[in-house]
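Undergrad: Quick one: structure below, then a few questions.
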Amino acid sequence: MGAFRSPWLRPAFEAVDREVFAPEMFWGYDTDDDGRHLVLNKAADEDGWRRTVWNAHRSLIMQMNDAVGPEQGPFKGDFSSSISALDIVFEKLNQLEVEAGHKVLHIGTASGYDSALLCEGVGSANLTTIEFDPVLAAWGAKNLEGAGYSPTAICGDGLDGWAPTAPYDRVIATAAVRSIPRQWIEQSKEGAIILAPFNTLYARGGLLKLQVREGTASGRFVGGACYMWMRSHRPEHRINPGDESRKEASPIDPDEILGRGWVLDFTMGLYLPDVSFAHRGEGESRQVQLWDRSGTSVAIVNYGDWWGDNSVTLYGSRNLWGELVHAYSAWRNVGQPHYTRYGLTVDSAGEHLWLDEPSNVIRS
């Protein structure tokens, strides 16, 4: 039952030929010795190309660094467009709770595959689909038209929504945000669902499901969804602390917080959404560096002698390591809840993180 919990989804999947929306060439996840992603070419290996297209757990990478296409050959860069893997496509569409006749805003057209499935679910006349990249927007619109679908297809910034066809019963994004745009809420009907991959600067990968009531959107994280950033929501890795620093000991082994995998990382990011971290060095010289969005507050923590008086070096007005330790302690004190027990409320005053119930606010 899992993939097709929504009655409309199996017939939609059977009606939409994924191969029609897949490019002749795309990058897979296999890499060469230099870390460059290898190209799947239909002309050279049709069976391998087709196996990858229909692999339920693999995305098809169509663009890197905002402009480079697979005709470049093996390439190492930042993914900037893909066709999502079938498993997360199905999960998102199940979570969207689409019904026939719903008006849907789909943000991130790309190839048009997800849009085609939605056309099957609600009808082309009820779907508006937006793509930021002009080349991808034209290609996706062409694919949809060739497959017999005619949604309202827009080249524009999906963060602004699309007012001419609003209000919407459902809003779904296929790129990640770190805050929910007010336009999505304002263009939604009462009771509408907004579904979006949600990242923090600390960790990416949550799937946030909100319901709109009286101009406020509120809901939980309902699972994981690791998507590329909306282009204007990408983090800027600026680190520019002053020259003055101070030293202290760490009250905790960094591995206790930073060595426990993605689930805890994502949860810590909910507590500290404007803090990034990265590791550097190996063995006894291994360190973790944290910095805030402004780049002026920085913490560098040594793993090898974390208990020593000089193991933590701090720059700027904030003690980012102390803030992370405090967030970790707060999480432990409330029973180490899974991230799906957390939710967000988005209102005119901003975003409010809560645990279990909207009244139990953790952070505003």
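The values are calculated or read from the model by the stated rules, or taken from the named source; none is laboratory data. Here the structure is a predicted model, which means the values were calculated and not measured. Cβ sites come from the backbone with ideal geometry, for glycine too, and all protein chains shown count toward neighbours. Protein only, heavy atoms only, side chains kept; ligands, DNA and RNA dropped before computing areas. Shrake-Rupley method; radii C 1.70, N 1.55, O 1.52, S 1.80 Å.
Undergrad: Across the stretch 83-118, what is the number of residues that are closer than 25 Å to Tyr29 by Cα, among the β-branched types (Val, Ile, Thr) and either open to solvent by 20 Å² or more (accessible area, probe 1.4 Å) or in contact with a strand residue (DSSP E or B) (Cβ under 8 Å, 6 or more places away or on another chain) (or both)?
TA: Number satisfying all stated conditions: 4.
Undergrad: Let me ask you something else. Consider only pairs whose beta carbons are under 6 Å apart and that are at least six residues apart or on different chains; among these, list those whose first residue lies in the stretch 125-138 and is closer than 11 Å to Val104 by Cβ and whose second residue is open to solvent by less than 20 Å² (accessible area, probe 1.4 Å) and among the small types (Gly, Ala, Ser).
TA: Thr129/Ser115
Undergrad: Filter the stretch 268-283 down to the residues that are outside any strand (DSSP E or B) and in contact with a strand residue (DSSP E or B) (Cβ under 7 Å, 6 or more places away or on another chain), then identify the one that is surrounded by the most Cβ atoms within 10 Å (Cβ to Cβ). Talk me through it step by step, then tell me what you get.
TA: First pass over the stretch 268-283, keeping only residues outside any strand (DSSP E or B): 268-274, 281-283.
With in contact with a strand residue (DSSP E or B) (Cβ under 7 Å, 6 or more places away or on another chain) added as a condition, the list becomes 270-271, 274, 281.
Values: Leu270: 23, Tyr271: 20, Asp274: 17, Gly281: 13.
Ranking the candidates gives Leu270 first.
Undergrad: Identify all residues within the stretch 290-315 that are crowded, with 17+ Cβ neighbours inside 10 Å, within 29 Å of the chain's Cα centre (by Cα) and not β-branched (Val, Ile, Thr); write none if there are none. Walk me through it before giving the result.
TA: Quick first cut of the stretch 290-315, residues crowded, with 17+ Cβ neighbours inside 10 Å only: 290-292, 297-303, 306, 311-315.
Remaining after also requiring within 29 Å of the chain's Cα centre (by Cα): 290-292, 297-301.
The answer is Leu290, Trp291, Asp292, Ser297, Ala299.
Undergrad: Something else about it: Among the candidates Arg234, Arg246, Arg238, Arg213, single out the residue that is within 23 Å of Leu290 (Cα to Cα) and without any contact (Cβ under 8 Å) to a residue 24 or more places away in the chain.
TA: Arg234
Undergrad: For Phe79, state whether it is under 21 Å from Ala22 (Cβ atoms), aromatic (Phe, Trp, Tyr) and in contact with a strand residue (DSSP E or B) (Cβ under 7 Å, 6 or more places away or on another chain). Outline the logic, then answer.
TA: Working: under 21 Å from Ala22 (Cβ atoms): yes; aromatic (Phe, Trp, Tyr): yes; in contact with a strand residue (DSSP E or B) (Cβ under 7 Å, 6 or more places away or on another chain): yes.
The answer is yes for Phe79.
Undergrad: Test Glu351 against the criterion of being among the acidic types (Asp, Glu) and either closer than 20 Å to Val275 by Cα or touching a helix residue (DSSP H, G or I) at 6+ places or on another chain (Cβ under 6 Å) (or both), and give yes or no.
TA: Details: among the acidic types (Asp, Glu): yes; either closer than 20 Å to Val275 by Cα or touching a helix residue (DSSP H, G or I) at 6+ places or on another chain (Cβ under 6 Å) (or both): yes.
Here the answer is yes, as Glu351 does meet what is asked.
Undergrad: Determine the pairs where a residue that is touching a residue at least 60 places away in the same chain (Cβ under 8 Å), located within the stretch 74-96, has a partner that is open to solvent by 30 Å² or more (accessible area, probe 1.4 Å) and not in a loop (DSSP other than H, G, I, E, B) with Cβ atoms under 6 Å apart, the partner being 6 or more residues away or on another chain.
TA: Phe90/Ala3; Gln95/Lys209; Gln95/Val222
Undergrad: Residues of the stretch 330-364 being open to solvent by 50 Å² or more (accessible area, probe 1.4 Å) and of a type in the set (Ser, Thr, Tyr), which ones?
TA: Matches in the stretch 330-364: Ser348, Ser359, Ser364.
Undergrad: Of all residues being of a type in the set (Val, Ile, Thr) and under 16 Å from the mean Cα position of the chain (by Cα) in the stretch 60-114, which is farthest from Gly219 (Cα to Cα)? Just the residue, please. Steps first, please.
TA: Quick first cut of the stretch 60-114, residues of a type in the set (Val, Ile, Thr) only: 61, 68, 83, 88-89, 98, 104, 107, 109.
Filter once more, so that each one left must be under 16 Å from the mean Cα position of the chain (by Cα): 61, 83, 88-89, 107, 109.
Numbers: Ile61: 31, Ile83: 27, Ile88: 19, Val89: 20, Ile107: 19, Thr109: 25 Å.
Out of the qualifying residues, it is Ile61.
Undergrad: Next up: Considering only the stretch 42-82, state which residues are open to solvent by less than 20 Å² (accessible area, probe 1.4 Å), under 17 Å from Asp133 (Cβ atoms) and hydrophobic (A, V, I, L, M, F, W, C).
TA: Within the stretch 42-82, Leu60, Ile61, Met62, Met64 qualify.
Undergrad: Something else now. Determine which single condition Gln287 fails, assuming it passes every other condition in (1) at pLDDT below 95; (2) closer than 15 Å to Thr313 by Cβ.
TA: Only one criterion is unmet by Gln287, namely (1).
Undergrad: Collect the residues in the stretch 242-263 that are under 26 Å from Ser179 (Cα atoms) and either of a type in the set (S, T, N, Q) or surrounded by fewer than 19 Cβ atoms within 10 Å (Cβ to Cβ) (or both), keeping them in residue-number order.
TA: Initial filter on the stretch 242-263 (under 26 Å from Ser179 (Cα atoms)): 257-258, 260-263.
Those that are under 26 Å from Ser179 (Cα atoms) and either of a type in the set (S, T, N, Q) or surrounded by fewer than 19 Cβ atoms within 10 Å (Cβ to Cβ) (or both): Arg260, Gly261, Trp262, Val263.
Undergrad: Turning to a different aspect of this structure: Quick one: is Gly161 small (Gly, Ala, Ser) and closer than 22 Å to Ala225 by Cα?
TA: So Gly161 passes the test.
Undergrad: If a residue must be open to solvent by less than 50 Å² (accessible area, probe 1.4 Å), closer than 27 Å to Pro70 by Cα and assigned to a helix (DSSP H, G or I), how many such residues does the stretch 119-138 contain?
TA: Qualifying residue count, the stretch 119-138: 2.
Undergrad: Please go through the stretch 202-219 and pick out each residue that is open to solvent by 30 Å² or more (accessible area, probe 1.4 Å) and within 15 Å of the chain's Cα centre (by Cα).
TA: The initial filter retains those residues of the stretch 202-219 that are open to solvent by 30 Å² or more (accessible area, probe 1.4 Å), namely 204, 209, 211, 213-216, 218.
Arg204, Lys209, listed by residue number.
Undergrad: Tell me whether the stretch 67-85 contains one or more residues that are touching a Leu at 6+ places or on another chain (Cβ under 7 Å) and farther than 29 Å from Gly2 by Cα.
TA: Yes - at least one qualifying residue is present in the stretch 67-85.
Undergrad: Could you please find all residues in the stretch 139-153 being crowded, with 21+ Cβ neighbours inside 10 Å and either among the aromatic types (Phe, Trp, Tyr) or assigned to a strand (DSSP E or B) (or both)?
TA: The first filter runs over the stretch 139-153 and keeps only residues crowded, with 21+ Cβ neighbours inside 10 Å, leaving 140-141, 143-144, 149, 151, 153.
Correct list: Tyr149, Ala153.
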